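Presented below is the structure to which this report refers.
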Amino acid sequence: MGRRLRADVDQRQLGLFGESLALGQKPKAVKALPVAAALLSKSDVSPKHPRAPVKVEPPPRKSLGTLPPEVVRPVEAASLLSVSLSLLKKWRMRGDGPRFVRLGGRAIGYRRTDLSDWIAERIT
């Protein structure tokens with residue numbers, strides 16, 4: 001458990017207020033002085049209608065939809081092999097599945113010829 005602070009700490013001891021503040025008195029609120037609008041610079045005065053935030057678009061990413069027709073994504077490869085996507089991933093990790101190509105980063109693709117060759121190897 002943490003230590004409790006005493007509620008009746010003299011605020012003068014904390015240095016929060018001037019010495020003229022007696023114990024138990026509240027500090028006086030300081031009011032802001034009115035300033036003529038003519039004295040403020042243009043940047044200080046807020047407009048009636050604030051500007052809309054500027055949209056910053058990220059640089060265009062290379063679309064993986066521009067793959068050559070002979071390369072398919074893992075989802076399509078799994079459907080061509082009639083297996084789940086997770087099983088295809090397990091095969092890829094163990095090295096048991098069809099050959100795959102790294103398209104960059106974590107992107108994976110399968111060539112249609114590699115899929116058909118892998119199927120042909122399994123036909124007995």
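The values are calculated or read from the model by the stated rules, or taken from the named source; none is laboratory data. The structure displayed is predicted, hence computed values, not measured ones. A quick note on method: Cβ atoms are made from the backbone with ideal geometry, for glycine too, and the neighbour counts reach across all protein chains shown. These area figures cover heavy atoms from the full protein model, side chains too; ligands, DNA and RNA do not enter into them. Shrake-Rupley method; radii C 1.70, N 1.55, O 1.52, S 1.80 Å.
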Say we look at segment 107-124 and pick out the residues that are of a type in the set (Ser, Thr, Tyr) and either at pLDDT 90 or above or in contact with a strand residue (DSSP E or B) (Cβ under 9 Å, 6 or more places away or on another chain) (or both); which of these is most open to solvent (accessible area, probe 1.4 Å)? THR113
What number goes with the only condition from (1) within 17 Å of GLU70 (Cβ to Cβ); (2) in a helix (DSSP H, G or I) that GLY109 does not pass? (2)
